[in-house]
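Here's the structure we're looking at; comments come further down.
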Amino acid sequence: MSTKLSTDRLIPAAEIKRRGISSLDELLDDGPVYVIKNGRPRYVVLSEESYRELLEGYEASERESIRESLRAARSGDLKRSSVEDTIKELGLEG
């Protein structure tokens with residue numbers, strides 16, 4: 001997936017090295033900041049709040065995927081091997 005980066009969301013790694021982590025403070029108020037190293041986006045810095053929202057979204061998506069798999073297994077739409085593979089992938093063996 002290719003996403004065009006807004007230049008106001010970019011900061012060179014050298015700028016962080018020169019000014020310290022505080023160089024990100026204002027930029028983070030408006031969302032993720034892309035750190036440029038050797039002319040290319042290398043890192044993405046998120047605020048704590050944005051990071052938590054990202055994790056919550058991921059966890060919600062993971063839970064929904066599990067629910068869908070369980071519904072399919074209960075309705076007989078999945079082969080037994082598919083259910084077992086899903087359980088292994090999710091680390092739910094026990």
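How many residues does segment 42-61 hold that are among the acidic types (D, E) and under 11 Å from the mean Cα position of the chain (by Cα)? Steps first, please.
First, pick out the residues of segment 42-61 that are among the acidic types (D, E): 48-49, 53, 56, 59.
Then drop every residue that is not under 11 Å from the mean Cα position of the chain (by Cα), which leaves 53, 56, 59.
Total satisfying the criteria: 3.
Just to be sure, is E15 touching a helix residue (DSSP H, G or I) at 6+ places or on another chain (Cβ under 6 Å) and of a type in the set (D, E, K, R)?
So E15 fits the description; yes.
In segment 62-73, is there at least one residue being outside any helix (DSSP H, G or I) and modelled with pLDDT under 80? Quick ask: steps written out before the conclusion?
Going residue by residue through segment 62-73, those that are outside any helix (DSSP H, G or I) are none.
No: segment 62-73 contains no residue that is outside any helix (DSSP H, G or I) and modelled with pLDDT under 80.
Return yes when L55 is free of Cβ contacts under 8 Å to residues at least 60 places away in the same chain, hydrophobic (A, V, I, L, M, F, W, C) and closer than 29 Å to K88 by Cβ and no when it is not.
Working: free of Cβ contacts under 8 Å to residues at least 60 places away in the same chain: yes; hydrophobic (A, V, I, L, M, F, W, C): yes; closer than 29 Å to K88 by Cβ: yes.
When the stated conditions are applied, L55 passes them.
The values are calculated or read from the model by the stated rules, or taken from the named source; none is laboratory data. From a predicted model like this one, the values you see are computed outputs, not experimental measurements. When we count neighbours, we look across all protein chains shown, and the Cβ atoms used for this are built from the backbone with ideal geometry, even at glycine.
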